[in-house]
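A.B. asks: The structure's right below; bear with me while I get my questions together.
The values are calculated or read from the model by the stated rules, or taken from the named source; none is laboratory data. Remember, it's a predicted structure, so these values are computed and weren't measured experimentally. As a convention, Cβ positions derive from the backbone with ideal geometry for all residues, glycine included, and neighbour counts pool all protein chains shown.
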């Protein structure tokens, strides 16, 4: 199934952090915080400005971004978890 967000919304998928054991303690999945890093999977059609022109996105497919910890709407597509969020809720683009 393919999904295409509307307007200024962005479809992202959380990037799972590697399990880190500190002091020999293994933290169960239920106690772990949600990762804020996500990969941009799909972009909407763009936000329409007051002049009627489409405002281009600041992110592109494949970008690694920081998202709000509890922002956006979680959706499940073909067994995979994604988040649909507005571009303005993306905090930063991570560059390597």
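A.B. asks: Which of the residues belonging to the range 60-93 are touching a helix residue (DSSP H, G or I) at 6+ places or on another chain (Cβ under 8 Å), more than 16 Å from residue 6 (Cβ to Cβ) and in a loop (DSSP other than H, G, I, E, B)?
C.D. replies: 68, 71
A.B. asks: Right, something else. Restricting attention to the range 17-28, does a residue exist that is surrounded by 13 or more Cβ atoms within 10 Å (Cβ to Cβ), modelled with pLDDT of 65 or more and either in contact with a helix residue (DSSP H, G or I) (Cβ under 6 Å, 6 or more places away or on another chain) or within 19 Å of residue 80 (Cβ to Cβ) (or both)?
C.D. replies: The answer is no; no qualifying residue exists.
A.B. asks: Among the residues of the range 48-63, write down those that are surrounded by fewer than 16 Cβ atoms within 10 Å (Cβ to Cβ) and farther than 9 Å from residue 87 by Cα.
C.D. replies: Once the filter is applied, which keeps residues that are surrounded by fewer than 16 Cβ atoms within 10 Å (Cβ to Cβ) and farther than 9 Å from residue 87 by Cα, the range 48-63 yields 48, 49, 50, 51, 52, 53, 54, 55, 56, 60, 61, 62.
A.B. asks: Quick check on residue 71: is it in contact with a strand residue (DSSP E or B) (Cβ under 6 Å, 6 or more places away or on another chain) and modelled with pLDDT under 90?
C.D. replies: yes
A.B. asks: Is it fair to say residue 96 is in a loop (DSSP other than H, G, I, E, B), loosely packed, with under 11 Cβ neighbours inside 10 Å and modelled with pLDDT under 90?
C.D. replies: On the way: in a loop (DSSP other than H, G, I, E, B): yes; loosely packed, with under 11 Cβ neighbours inside 10 Å: yes; modelled with pLDDT under 90: yes.
When the stated conditions are applied, residue 96 passes them.
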